[in-house]
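Working notes, beginning with the structure itself.
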C-alpha cells in the first residue's frame with residue numbers, strides 16, 4: 001500500500017514538472033521574440049561614415065538598408081560632404097525614415113545627377129534635417145507621400161528645390177533656406193495640412209513659392225505660407241487655382257511682383273512688402289481673392305493691382321512711398337471688386353487708378369499724392385469696343401472735384 005502511494009506521488013511530481021516546463025517554455029518564447037524585435041529595432045540606426053558615392057558606410061548603402069528595415073530607420077550622417085555620381089534609391093520604408101545631418105551640416109554635391117531628384121520621398125513619415133543640397137540640375141527633394149517633414153536644411157543652385165506632388169499631404173517645411181534656384185518650393189495642387197513657415201527664400205530665377213495648376217482645385221485645402229522671408233526673387237509667391245494662405249511674410253526687393261494671384265482661392269494677409277522694381281501684389285483674373293492688412297512701401301509701380309478680376313476684396317492695407325497705390329483694370333461686369341479702408345500715403349503718381357472697371361471704393365484715404373488721388377478712365381482698345389469705368393464711391397478721403405475723369409469716361413457714382 002505504501003509502495004503504491006509513493007509511486008503515485010512520483011508520477012504526480014513528474015506531471016507537475018512537465019507542466020511547469022511547458023509553461024516556462026511558452027512564456028520564454030514570446031519574451032525571446034520581443035528581445036529579437038528590440039534588437040532589430042536598435043539595428044535600424046544607420047551611420048554614414050564616408051562621402052563616397054557607394055560602398056560600405058555610404059549614404060547609398062544606408063538608404064538600401066533603410067528601405068527594408070523592420071522598424072523606423074534613422075540615418076545619421078557623420079561626414080561633411082557627399083559627392084553623388086548617380087541617382088540614390090528612393091526612401092520607401094512605410095514606417096518612415098529619419099535622415100539627420102551633423103550639427104554643422106553636410107553638403108550633398110548633386111551636380112552630376114541628371115533628370116532625377118536627390119531625395120525621392122515615396123514612403124510616408126519621412127523627415128530630413130541638417131542637410132545642404134547644392135547644384136542639382138533637376139530637383140532637390142521630390143515629395144510624393146504623406147507626413148513629410150523638412151527642417152534646418154539648405155537647398156541652393158538647383159532647378160526646383162522641393163517639388164510636392166498632388167498626392168502628398170500633412171507636409172511641414174520649416175526653418176530652412178532656399179537660394180539661387182529656379183523655383184524654391186513648387187506645389188502641384190492643394191495639399192491638406194501643409195505648412196511652409198520660418199524659411200528664407202533668396203534670389204530665385206522664377207519664384208520662391210510656385211503653386212499653380214490649370215483649373216481650380218476643389219479640395220479646398222489651403223496651403224499655409226507664413227512667417228517666411230523672401231529677398232530678391234523674380235516673383236516671391238505665385239498662386240494659381242490652388243488655395244494658398246499667405247500670412248505674415250516679409251517680402252523684399254522682388255524684381256517683378258512680390259505676390260501674383262491667378263484664379264481662385266488666395267488669401268494674402270498681414271504681410272510686409274518693401275522695395276521691388278515692379279509690382280507689389282497682383283490679382284490677375286482672380287476670383288474671390290482677399291488682400292487684407294498688408295503693409296507695402298517703396299514699390300516702384302503699383303502696390304496692389306486687380307486686373308481682369310471679380311469679387312476681389314482689397315481691405316485695410318497700408319501703402320506708402322510707392323509709385324502708385326491701387327489699380328482696378330478691366331474687371332468683371334456685374335461682379336465688382338471692392339477696396340475698403342485702405343490708406344495710401346505719398347504716392348509718386350496717382351493714388352487710385354480705375355481703367356475700364358467699376359469697383360466699389362469705400363472709406364479709402366489718399367494723402368499727399370504727387371499725382372491725382374483718383375484717376376478714372378475708360379478703356380479704349382484700338383478697333384474694339386470702349387469699356388466704360390463707373391466706380392461706386394462712398395465716404396472716401398478725396399472729393400469728386402479732385403478726381404480727374406478722362407475724356408469720355410462716365411462720372412463716378414458717389415453716394416449722397
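A few remarks follow.
- Which listed residue, of 79, 92, 99, is over 21 Å from residue 176 (Cα atoms) and in contact with a strand residue (DSSP E or B) (Cβ under 9 Å, 6 or more places away or on another chain): 92
- Residue check for residue 39: on the phi < 0 side of the Ramachandran plot, out of contact with any helix residue (DSSP H, G or I) (no Cβ under 6 Å at 6 or more places or on another chain), assigned to a helix (DSSP H, G or I) and modelled with pLDDT under 95: yes
- Of all residues in region 263-272, those that are under 19 Å from residue 287 (Cα atoms) and modelled with pLDDT of 95 or more total 3.
- Within region 268-277, considering residues that are part of a loop (DSSP other than H, G, I, E, B) and on the phi < 0 side of the Ramachandran plot, the one surrounded by the fewest Cβ atoms within 10 Å (Cβ to Cβ): 277
- Residue 323 vs. criteria on the phi > 0 side of the Ramachandran plot and buried (at least 18 other Cβ atoms within 10 Å of the Cβ): no
- Complete set of residues in region 278-320 that are more than 22 Å from the chain's Cα centre (by Cα), more than 20 Å from residue 255 (Cβ to Cβ) and surrounded by 21 or more Cβ atoms within 10 Å (Cβ to Cβ): 306, 309, 312, 314, 317
- Count of residues meeting criterion [in contact with a strand residue (DSSP E or B) (Cβ under 8 Å, 6 or more places away or on another chain), surrounded by fewer than 23 Cβ atoms within 10 Å (Cβ to Cβ) and more than 19 Å from residue 257 (Cα to Cα)] in region 216-242: 4
- When region 340-388 is filtered for residues that are within 37 Å of the chain's Cα centre (by Cα), over 21 Å from residue 297 (Cα atoms) and outside any strand (DSSP E or B), the ones remaining, listed by number, are 356, 357, 358, 359.
Conditions tested, residue by residue: (1) over 23 Å from residue 54 (Cα atoms); (2) surrounded by 17 or more Cβ atoms within 10 Å (Cβ to Cβ); (3) in contact with a helix residue (DSSP H, G or I) (Cβ under 6 Å, 6 or more places away or on another chain).
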residue	(1), (2), (3)
80	no, no, no
85	no, no, no
94	yes, no, no
98	no, yes, no
110	no, yes, no
120	no, yes, no
131	no, yes, no
146	yes, yes, no
160	yes, yes, no
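- Whether a residue is more than 19 Å from residue 276 (Cα to Cα) and touching a strand residue (DSSP E or B) at 6+ places or on another chain (Cβ under 9 Å) was assessed, and residue 176 passes this test.
The values are calculated or read from the model by the stated rules, or taken from the named source; none is laboratory data. Because the structure is a prediction, the values reported are computed rather than measured. Don't worry about glycine lacking a Cβ; one is built from the backbone with ideal geometry, like all the others, and counts go over all protein chains shown.
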